[in-house]
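The values are calculated or read from the model by the stated rules, or taken from the named source; none is laboratory data. Treat the numbers as computed from the prediction; the structure is a model and nothing was measured. Cβ sites come from the backbone with ideal geometry, for glycine too, and all protein chains shown count toward neighbours.
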Amino acid sequence: MHLDLTQGIIKEHMVKLAVPAVVGYFFHTMFNVTDTFFAGLISTQALAALSLSASVFFMVLAIGIGMSEAVTSMVGNALGEKDIPKAQHIALNSIAFAFILSITLSILGVLSVPYLVEALGDPSYMKETFDYINLILYAAFFFVGSFFFNAFLNATGDTKSFRNILIVTAFLNIILDYIFVLHFNMGVKGIAFATILSEAITMFYLYYKVKQTKLWLGLRAFNFDMEVMKRLLAQGFPPSINMFMMAFGMYIITYYVAPFGKEAVAAFGIGMRIEQIFLMPVIGLNIATLAIVSQNNGAKIYERISPTVRLGIMYGWIMSTIGVVSFLLFADYFASYLSSDILVIQETALYLRISGVASYGFVVIFIYIAMLQGIGKPSIIMPVSIYRQVLAPFIVLSLLAWMGFGILSVWIGIDLIIFSSALFLWWYGKKQLKVLALRQLA
């Protein structure tokens, strides 16, 4: 299937692409929620271990996610140009790139984890962290492969296949967690094995769906192209750094939260997982915006890009309002489903009520990043990510810690950093849209 996004009503395309993606990523997030629930049945240490592991593993996955976004952009532009052979050639080279990348990430991840974990200086949940994260890292190939095959499908306008398989594997993960954790008493290792098996099934299904598209010529048609590899690196590096910095930013926040105790670390992990559920529509809108902008940029139909961006932000802010109100009213209730520890529940509710407001800023960030990737201008993404995820948190949180403020100040400081980043990307993105408007007139 190849959905032509250069024609038709943008609003209909946005809904058609975003809704399946949102449903799919909702069930993908339910992987994390399920794992958090079963970790809560084990101990608070297990909850803290999953919270730390999430930030460490996401640093590894971030590279794969960012590179897969470059694949969507490059293949989408080729399809917009109506150049099917070019799109097929990029797709086959991307698969080779994904294989090399996954091996590299597994090795680097396993080597770096001990230093990242020990830097927090809290041995109370170190063993559980190593038991979980090392198994996950060895299986990086399944995660990276899923991202790349889904990127091909997104470029063709198919976001339903990812949704369908994630619905199935989300329920499978619940069953596997139950068997491994409660029946075989495998602890956090059982949670890791359940996730790996579910992800492997996801990858092979998406591979099967890609084989049914016009992009697939068969592995025998593969012709190594260094220029394509260089373009993948050039386009994928900025969004990869953006995603990596998001993950590293999670680690930095965990580092500054750790002095408040394992309950605070566990609460941060639970809060992020609940927050992710309400951010799913934003991710779906990001995917839809990237696909629509990529095809129209490739077809040089620039006048359809600005309306796409405005529509994405409008929908995103509507969903953000629903999330903020829900957190204000029901934060304690949400947290109680994932932990019975009263202190953890209270800390989680505080996080959600303060950090939930930042979702308005996230909408602007995600939509404008998708637009910049779609028009092939992703270079600004990296410096903004470095500011938002590393420099600003390090400076702001260090200052707050030195002044002796409590954990409330940490969440407020993070909100301010997110909004300042969103404001800059909005200003920069508007400038790029004006350039496109002038190009349309020329």
Legend entry - Failed item, numbered, when F204 is tested on (1) closer than 19 Å to V71 by Cα; (2) surrounded by 20 or more Cβ atoms within 10 Å (Cβ to Cβ): (2)
Legend entry - Check on D158, part of a loop (DSSP other than H, G, I, E, B) and either modelled with pLDDT of 90 or more or in contact with a Leu (Cβ under 8 Å, 6 or more places away or on another chain) (or both): yes
Inset, instruction - Answer with yes or no whether F37 is closer than 29 Å to G374 by Cα, surrounded by fewer than 23 Cβ atoms within 10 Å (Cβ to Cβ) and not aliphatic (A, V, I, L, M). - result: no
Inset, instruction - Only residues that are closer than 16 Å to F362 by Cα and of a type in the set (D, E, K, R): list them for region 412-442, please. - result: D415
Inset, instruction - State yes or no: is T104 surrounded by fewer than 18 Cβ atoms within 10 Å (Cβ to Cβ), over 30 Å from G261 (Cα atoms) and either modelled with pLDDT under 85 or β-branched (V, I, T) (or both)? - result: yes
Inset, instruction - Report, by residue number, each residue of region 395-412 that is of a type in the set (G, A, S) and assigned to a helix (DSSP H, G or I). - result: S398, A401, S409
Inset, instruction - Answer yes or no as to whether R304 is in contact with a Phe, Trp or Tyr (Cβ under 7 Å, 6 or more places away or on another chain), surrounded by 17 or more Cβ atoms within 10 Å (Cβ to Cβ) and charged (D, E, K, R). - result: no
Inset, instruction - Answer yes if at least one residue in region 144-151 is of a type in the set (A, V, I, L, M), at pLDDT 85 or above, touching a helix residue (DSSP H, G or I) at 6+ places or on another chain (Cβ under 8 Å) and part of a helix (DSSP H, G or I), and no otherwise. - result: yes
Legend entry - region 273-284 - residue that is modelled with pLDDT under 85 and hydrophobic (A, V, I, L, M, F, W, C) and, of those, surrounded by the most Cβ atoms within 10 Å (Cβ to Cβ): L279
Inset, instruction - Of the conditions (1) under 20 Å from H89 (Cα atoms); (2) assigned to a helix (DSSP H, G or I); (3) at pLDDT 85 or above, Q212 clears all except one; give me its number. - result: (2)
Legend entry - Pair list, Cβ under 6 Å, 6 or more apart: region 418-442 residue farther than 15 Å from K377 by Cα, other residue at pLDDT 85 or above and surrounded by fewer than 16 Cβ atoms within 10 Å (Cβ to Cβ): none
Legend entry - Unmet requirement for A49, which otherwise passes all of (1) buried (at least 24 other Cβ atoms within 10 Å of the Cβ); (2) not in a helix (DSSP H, G or I): (2)
Legend entry - Every pair of residues 6+ apart whose Cβ atoms lie under 9 Å, when the first sits in region 2-20 and is over 20 Å from Q212 (Cβ atoms) while the second is in a loop (DSSP other than H, G, I, E, B) and not charged (D, E, K, R): T6/A299; T6/I301; Q7/I301; H13/L3; H13/L5; H13/G157; A18/T159; V19/T159
Inset, instruction - Name every residue in region 224-269 that is of a type in the set (D, E, K, R), over 25 Å from F38 (Cα atoms) and in contact (Cβ under 8 Å) with a residue 40 or more places away in the chain, in order of residue number. - result: D225, R231
Inset, instruction - Evaluate region 285-297: report whether one residue or more is closer than 21 Å to T29 by Cα, of a type in the set (V, I, T) and free of Cβ contacts under 8 Å to residues at least 40 places away in the same chain. - result: no
Legend entry - Which listed residue is over 25 Å from G64 (Cα atoms) and of a type outside the set (K, R), from G323, G298, G269, G249: G323
Inset, instruction - Please specify each residue of region 174-209 satisfying the condition of being in a loop (DSSP other than H, G, I, E, B) and either touching a helix residue (DSSP H, G or I) at 6+ places or on another chain (Cβ under 9 Å) or farther than 21 Å from L41 by Cα (or both). - result: F184, M186, G187
Inset, instruction - Looking for whichever is farther than 28 Å from S68 by Cα, in contact (Cβ under 8 Å) with a residue 24 or more places away in the chain and either in contact with a helix residue (DSSP H, G or I) (Cβ under 6 Å, 6 or more places away or on another chain) or surrounded by fewer than 21 Cβ atoms within 10 Å (Cβ to Cβ) (or both) here; the options are L329, L343. Which one fits? - result: L343
Legend entry - Options N173, N134, N164; residue that is within 30 Å of K214 (Cβ to Cβ) and polar (S, T, N, Q): N164
Legend entry - Any pair with Cβ under 6 angstrom, 6 or more apart, that starts in region 57-84 at a residue that is in a loop (DSSP other than H, G, I, E, B) and ends at one that is of a type outside the set (D, E, K, R): E81/G298
Inset, instruction - For region 383-442, enumerate the residues that are surrounded by fewer than 14 Cβ atoms within 10 Å (Cβ to Cβ), closer than 28 Å to Y302 by Cα and among the aromatic types (F, W, Y). - result: W427
Inset, instruction - State all residues of region 395-442 that are over 26 Å from T289 (Cβ atoms), under 25 Å from the mean Cα position of the chain (by Cα) and not β-branched (V, I, T); if no residue qualifies, say none. - result: L397, W411, G413
Inset, instruction - Answer yes or no as to whether T6 is among the hydroxyl-bearing types (S, T, Y) and part of a loop (DSSP other than H, G, I, E, B). - result: yes
Inset, instruction - Sort out which residues of region 208-241 are within 30 Å of M30 (Cα to Cα), surrounded by fewer than 20 Cβ atoms within 10 Å (Cβ to Cβ), over 20 Å from the mean Cα position of the chain (by Cα) and not basic (K, R), and write them in order of number. - result: Y208, Q212, T213
